[in-house]
Amino acid sequence: MKVLVIGGGAREHALCRALSLDPEVTSLHCAPGNAGIASVAQLHPVDQLDGAAVADLAVELGAEFVIVGPEAPLVAGVADAVRERGIPVFGPGREAAQLEGSKAFAKDVMAAAGVPTARSYVCTTPEEVAEALDAFGAPYVVKDDGLAAGKGVVVTDDLQAATEHAAACDRVVIEEFLDGPEVSLFAVTDGTTVVPLQPAQDFKRVGDDDAGPNTGGMGAYSPLPWADPKLVDEVFDTVLQPTVDELRRRGTPFSGLLYAGLAITSRGVRVIEFNARFGDPETQVVLARLKTPLRGLLYAAATGHLADFPALRWSEGAAVTVVVASEGYPAAPVSGDPITGLAAAEAADGTAYVLHAGTRLAEDGETVLSAGGRVLSVTAKGKDLTEARARAYDAVDKITLRGSHHRTDIAAKAARGE
């Protein structure tokens with residue numbers, strides 16, 4: 001099967017790497033891709049927010065299956081445009097993608113479906129904002145209602161900072177703070193059947209011990225040895241299936257990847273937010289552990305045959321990914337610096353490898369340059385988290401990028417049993 005992946009980050013590199021290992025994928029293409037994806041897929045320039053352009057490219061390539069990676073093309077209706085040309089697509093249409101595109105829409109769906117989540121207010125005026133912040137008190141949780149590439153949320157004890165963030169957004173959702181550890185759980189769905197994947201945990205703050213501002217994610221690990229073994233079943237029953245059922249009831253069925261960001265609070269599991277696509281960097285560790293060929297799973301969802309798909313198979317071990325970020329990230333990332341040591345970081349047996357997030361090739365066609373805030377996701381597998389961590393950080397140490405930084409504590413507490 002000829003497959004086209006839309007996107008150009010580490011999530012798409014993880015998807016393309018998994019697809020390249022699938023014997024059923026005979027031809028793999030990615031648009032626009034990046035310097036790392038070029039090693040496993042043929043790259044094509046495209047405006048990934050232009051549904052007509054993406055659909056034209058898919059037809060031109062003779063693609064038999066299209067996978068849309070990032071959230072912005074999904075919210076822009078790119079999946080709809082490709083489907084209209086008769087090509088199966090993994091990814092929700094524009095209306096269902098509002099589950100991520102609008103926090104207020106997601107709250108409305110959760111209320112209708114009886115999904116447990118934080119109490120919240122939708123605010124459009126300074127007066128409404130002040131009232132909501134006063135009602136909940138610190139820590140203040142202020143979310144931009146629209147897409148913000150994972151950076152539209154402020155959690156702070158500083159009332160002024162919370163107020164300023166709200167003022168910078170057209171519409172915000174202000175909600176109660178949820179205590180407890182956070183978990184990411186992905187589910188593949190065809191709009192009726194829901195197949196949960198294995199949970200992961202990511203690290204949003206830029207610095208060790210969760211210091212500094214929020215980022216798109218600085219690392220992740222899976223599995224979660226501290227989590228209740230019944231967690232996935234509970235979230236399936238109370239969150240995933242009810243949400244999919246509610247969207248189908250509304251006439252906007254959700255087909256694709258439903259990502260539930262969860263808080264394991266003292267009062268039980270609560271949804272922090274939904275995303276309408278694979279998460280980054282959690283995808284890097286979840287796919288590292290998935291033994292079931294990826295194309296078949298995603299294609300079954302795209303074509304409405306997920307109920308007939310065999311049970312998923314998972315590796316017994318663990319996976320860890322560490323994000324290498326550019327100088328100045330997240331406030332003012334520096335781009336254009338050469339990256340060395342990439343080949344040395346790759347383990348011959350596949351237990352450690354580098355997934356590119358923000359990279360591009362220099363004019364010489366060989367030198368890899370930084371081209372974004374989060375530059376690389378260095379991923380490793382092991383028999384347990386301790387071994388996977390050691391391999392990941394050993395690989396990170398072999399890579400040189402001027403001014404780069406990374407967290408040193410990804411999965412550290414979980415590996416120690418804390």
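The values are calculated or read from the model by the stated rules, or taken from the named source; none is laboratory data. Predicted model only: the values in this text are computed from it and were never measured. Quick reminder, even Gly has a Cβ in these numbers, built from the backbone with ideal geometry, and neighbours come from all protein chains shown. Ligands, DNA and RNA are stripped out before the accessible areas are found, and what is left, the full protein with its side chains, is counted by its heavy atoms. Shrake-Rupley method; radii C 1.70, N 1.55, O 1.52, S 1.80 Å.
Summary of computed values
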quantity: Meets criteria (open to solvent by less than 20 Å² (accessible area, probe 1.4 Å), in contact with a Pro (Cβ under 7 Å, 6 or more places away or on another chain) and farther than 16 Å from Asp22 by Cβ) for Val285; calculated: no
quantity: Filter result (surrounded by fewer than 24 Cβ atoms within 10 Å (Cβ to Cβ) and under 20 Å from Val59 (Cα atoms)) within region 1-21; calculated: Met1, Lys2
quantity: Hits in region 344-357 - residues which are touching a strand residue (DSSP E or B) at 6+ places or on another chain (Cβ under 9 Å), open to solvent by 10 Å² or more (accessible area, probe 1.4 Å) and either assigned to a loop (DSSP other than H, G, I, E, B) or small (Gly, Ala, Ser) (or both); calculated: Glu346, Ala347, Gly350, Thr351, Ala357
quantity: Some residue of region 267-275 being farther than 12 Å from Thr189 by Cβ and more than 21 Å from the chain's Cα centre (by Cα); calculated: yes
quantity: Count of region 359-404 residues which are under 18 Å from Asp280 (Cα atoms), part of a strand (DSSP E or B) and out of contact with any Gly (no Cβ under 7 Å at 6 or more places or on another chain); calculated: 5
quantity: Residue within region 395-412 that is crowded, with 17+ Cβ neighbours inside 10 Å, over 16 Å from Gly317 (Cβ atoms), touching a His at 6+ places or on another chain (Cβ under 7 Å) and in contact (Cβ under 8 Å) with a residue 60 or more places away in the chain present; calculated: yes
quantity: Answer from Glu327, Glu418 - the residue that is in a loop (DSSP other than H, G, I, E, B) and either in contact with a helix residue (DSSP H, G or I) (Cβ under 6 Å, 6 or more places away or on another chain) or modelled with pLDDT of 95 or more (or both); calculated: Glu327
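Yes/no per residue for (1) polar (S, T, N, Q); (2) outside any helix (DSSP H, G or I):
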| residue | (1), (2) |
| --- | --- |
| Ala227 | no, yes |
| Val232 | no, no |
| Thr238 | yes, no |
| Gln241 | yes, no |
| Ala260 | no, yes |
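A quick yes/no check of all residues on (1) hydroxyl-bearing (Ser, Thr, Tyr); (2) at pLDDT below 95; (3) more than 30 Å from Ala412 (Cβ to Cβ):
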position: Pro242; (1), (2), (3): no, no, yes
position: Leu262; (1), (2), (3): no, no, no
position: Phe278; (1), (2), (3): no, no, no
position: Thr283; (1), (2), (3): yes, no, no
position: Arg289; (1), (2), (3): no, no, no
position: Thr303; (1), (2), (3): yes, no, yes
position: Leu306; (1), (2), (3): no, no, yes
position: Ser315; (1), (2), (3): yes, no, no
position: Val323; (1), (2), (3): no, no, no
